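No value in this document is a laboratory result; all are computed from the given coordinates. Just so it is clear, the model here is predicted, and its values are computed rather than measured. We place every Cβ from the backbone using ideal geometry, glycine too, and count neighbours over all the protein chains shown.
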């Protein structure tokens, strides 16, 4: 039997989908699992996945995998499910239940080869310990380089970086079209190289984007900052999850449909007087100081904003 599992959306969602792959293979251990996604590199060399294909490379797919085959099709998107829209359950749990797959707390998984660790590791060799930072996410070439519901405010991120720049090599994960932090070493690299960077880092500061999913997949507890999205839906208990301060203004919901805020950052929805109100930089700095090294993982989600 074959199972066709389709994963639409960004690279972070693909990383989260590796947990669903594990759950699928647990329920159908003899099935040939074929994953269709925009990021086939995420699923290689995953032992749960027989074949990882990109949407741009499906020539002769029908006669090879559909026609006359005993095939199950898992093609639905969990983002359209009621429990997801109401933020009642974690994305992975909603995904499994939508497909009729038993969910047993599966987490994302990435499988890096020894050759990848050696070759990509040379890119990030450093006499200082590494602090990996992802402050911005989203699709390439956005009109507005900063999305307030997702990204770290630049002034806040810069204050955090400055607090660690002396003792750490602060590596800023960013595309060339994204905002750049000072006192950092900017890195634009392929996904699997960035996964090796995350694996090598001693401390990590991320937003809700692909890096925090990859860190969970690699078992690397990180400090993750949240604005519009919530860790109960997209995050992981191994991380220290810092929740944005409560809004100080009433936003305009004219463009809101199935979520409170447009993740691209509608200006009219901004519920603060200024960006400095979103996070307390000192709180992030303290969380990072407690993370990494011997004190890296306590297995508890810390909702830092609740301490305010």
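Between 0 and 90 degrees, the angle of helix 281-290 with respect to the longest Cα principal axis of the chain falls at about 70 degrees.
FRET efficiency for residue 50 and residue 139, Cβ-Cβ distance as r, R0 = 25 Å, nearest 0.05? According to the calculation, E is roughly 0.25. Taking Cα atoms only, the orientation of helix 11-27 departs from the longest principal axis of the chain by about 40 degrees.
Axis angle, to the nearest 10 degrees, between helix 154-164 and the longest C-alpha principal axis of the chain: 80 degrees. In this simple spin-label approximation, residue 58 and residue 79 carry label points 7 Å from Cα along the Cα→Cβ vector, and these lie 1.7 nm apart. Rounded, prolate or oblate: which one fits the range 131-211, using the alpha carbon gyration tensor with axes a ≥ b ≥ c (rounded when a/c is under 1.5, else prolate when a/b beats b/c, else oblate)? It comes out oblate by the Cα gyration axes.
Neighbour counting of Cβ atoms within 10 Å sorts the residues 76, 239, fewest neighbours leading, into 76, 239. Once C-alpha pairs closer than 8 Å and six or more residues apart are averaged by separation and normalised to the residue number of the range 199-265, the relative contact order reads 26 percent. Our estimate of slack between residue 276 and residue 263, defined as 0.36 nm per intervening residue step minus the Cα-Cα distance, is 2.8 nm.
Prolate is the label for the range 2-99, because a/c, from the alpha-carbon gyration tensor with a ≥ b ≥ c as root eigenvalues, is 1.5 or above and a/b exceeds b/c. How would the range 209-297 be classified by its alpha-carbon gyration tensor: rounded, prolate or oblate, with rounded meaning a/c under 1.5 and the a/b versus b/c comparison settling the rest? Note, shape of the range 209-297 comes out oblate.
Quote to one decimal, in nm, the extra length available between residue 255 and residue 237 on full extension: 0.36 nm per residue of separation minus the C-alpha distance between them.
Numbers: separation 18, 0.36 × 18 = 6.48 nm, distance 3.19 nm.
Between residue 255 and residue 237, full extension yields an extra 3.3 nm.
Note on residue 31 and residue 114: with the Förster distance fixed at 45 Å, the Cβ-Cβ geometry gives a FRET efficiency of about 0.95. Distance from the Cα centroid of the range 148-181 to that of the range 13-28 is 32 Å (rounded to whole angstrom).
Got a sec? How would 290, 30, 220, 93 order by Cβ neighbour count within 10 Å, fewest to most?
On the way: 290 15, 30 6, 220 24, 93 21.
Fewest to most other Cβ atoms nearby, the residues stand as 30, 290, 93, 220.
In terms of surrounding Cβ atoms within a 10 Å radius of their Cβ, 230, 139, 224, 66 rank from fewest to most as 139, 66, 230, 224. Each Cα pair under 8 Å and six or more residues apart adds its sequence gap; the mean of these over the residue count of the range 116-307 is a relative contact order of 24 percent.
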